[in-house]
Each structure stands twice: as C-alpha cells, then as structure tokens.
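**Student:** This is the structure I have questions about; it appears just below.
Nothing in this text is a laboratory measurement; each read-out follows from the coordinates by a stated rule. Everything quoted here is computed from the prediction, not taken from an experiment. As a convention, Cβ positions derive from the backbone with ideal geometry for all residues, glycine included, and neighbour counts pool all protein chains shown.
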C-alpha cells in the first residue's frame, strides 16, 4: 500500500482522486496548505494540479526534500506553463477519465518502485 498525497483545488476532482486511490488499495491524504501537519507529510506519490500556486510552491519544496518523489500532475494547463520545474513523472491534461487516472497512478508508482505496490 502506497501513501499518496493529493493536492487538488477542485473539490469534485479531489474527492474523486481520493476515492480512486482508496479503491486501488492505497492510503490517500489530502493536502491542506493551511495545515502544517499535511505540509510535512512524506509520501510515495504526490498528485497535484500545478496551476494552483499553493500546491506548486509546496510541491517544489517536497521535490527539494525528496528528489526521487514521483509526481503525477493533472492540470488544464500544459506542462511547460506550470510544471516543467517540478519534473513530474507523469502529466495528464484535464479532462481525464477514471481509467486514465488509475493507469497513471499505477504506472507512476511502478516507475519508482522495484516491486508493485499493492
């Protein structure tokens, strides 16, 4: 089971991501920029919308603290506009389907672990 931090500004997509992660058998944690506890959490994967300035700033800090942290970006913006500096492992452009999200989560985790995380 992987611990996955979710930084998504839109409640509907945030809830969907949390549900997908949980149904895949992983632990979902929601990032709250006002909560210092979530700011310091370690994770196996970070899912974020890099167009959100708070999430982007936080992700840059996470990348400095953990250069190998896999990042899955889900955004309406292009990679060059908002996330190039984060060097995300995977980048999806909204809108995305549930199956695309599931496949991206699994592939991103697999790319950074020797064994599949179940």
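**Student:** Mind giving me the nanometre distance, one decimal, between the label points for residue 87 and residue 32, set 7 Å out from Cα along Cα→Cβ?
**Tutor:** 3.2
**Student:** Separate question: Between 21, 93, 74, find the one with the highest GNM mean-square fluctuation for the chain; connect C-alpha pairs within less than 10 Å.
**Tutor:** 93
**Student:** Once you have the alpha carbon radius of gyration of the chain, what is it after dividing by 2.2 N^0.38 Å, with N set to its residue count?
**Tutor:** Against the empirical 2.2 N^0.38 Å value, I get 0.95 for the chain.
**Student:** Additional query: Please list 4-15, 98-109 highest first by mean number of surrounding beta-carbon atoms within 10 Å per residue.
**Tutor:** Put in order of decreasing packing, that is 4-15, 98-109.
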